[in-house]
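Okay, so here's the structure we're looking at.
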Amino acid sequence: MDLAACYQTLGLQWGASVPEIKAAYRRLARCYHPDLHPQNVTAAAAKFIELTQAYEQLLQSPGHSAPRYPQPSAVASPPHVSEPNPLKTQVYENLQVLLRRRRFARAVALVEGLVIRLPEDPEVRQWQAIAYYQWGKALIDQGHGEKAKVYLRKALRSDPHNRELWAEVESQVHRLAKIS
């Protein structure tokens, strides 16, 4: 994808600043996240991946900040456009299947493995928070309140700046209080 298409995908003017790029990505990612579109997960996932690729490509383009992941050597190489991470894409697809099938333990194990490989990736942290949240919610449904609290807290620790997640967790905690 060329840079012009990346700006267009994120709805930005050419030469947008890094904060503008990040804000546009976050706004659009919230709109197109596949968890919000259970009736059309495939289309939402495709759009979400397109947004993520455009975002990553813009951040790594010359004139913006250095790549988000530091280079291992002391000599910095010039920024370059990286290929989409096939491991990340495959894990995301598998995670969606596991969550739909309510296989929460496997979903959490899968995403925790990816967090070990990509510890600084905010998108992976968000997936981890979603897996924890959904498992916590299911545990409430099953009457396992104390275990649910553990996973809801883990969700908040995984993605602490996500206000929507905080609101959802808070509603589940209130629901749990009514049950108890």
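The values are calculated or read from the model by the stated rules, or taken from the named source; none is laboratory data. Computed from a predicted structure; not experimentally measured. Neighbour counts are summed over all protein chains in view; Cβ atoms, including those assigned to glycine, are modelled from backbone coordinates with ideal geometry.
Of (1) at negative phi; (2) out of contact with any Leu (no Cβ under 9 Å at 6 or more places or on another chain), Arg30 satisfies all except one. Which?
So Arg30 meets the others, but not (2).
When you go through (1) in a helix (DSSP H, G or I); (2) touching a residue at least 40 places away in the same chain (Cβ under 8 Å) one by one for Glu120, which number turns out not to apply?
The single condition Glu120 does not satisfy is (1).
Of all residues in the stretch 25-39, count the ones that are over 15 Å from Pro122 (Cβ atoms) and not aromatic (Phe, Trp, Tyr).
7
Here are the criteria: (1) modelled with pLDDT of 90 or more; (2) assigned to a helix (DSSP H, G or I). Tell me which single one Trp166 does not satisfy.
(1)
Residue check: is Val97 surrounded by 15 or more Cβ atoms within 10 Å (Cβ to Cβ) and either at pLDDT 85 or above or not in a loop (DSSP other than H, G, I, E, B) (or both)?
It is false that Val97 is surrounded by 15 or more Cβ atoms within 10 Å (Cβ to Cβ) and either at pLDDT 85 or above or not in a loop (DSSP other than H, G, I, E, B) (or both).
How many residues are within 20 Å of the chain's Cα centre (by Cα) and surrounded by 18 or more Cβ atoms within 10 Å (Cβ to Cβ) when one looks only at the stretch 8-28?
Summing the residues that are within 20 Å of the chain's Cα centre (by Cα) and surrounded by 18 or more Cβ atoms within 10 Å (Cβ to Cβ) in the stretch 8-28 gives 6.
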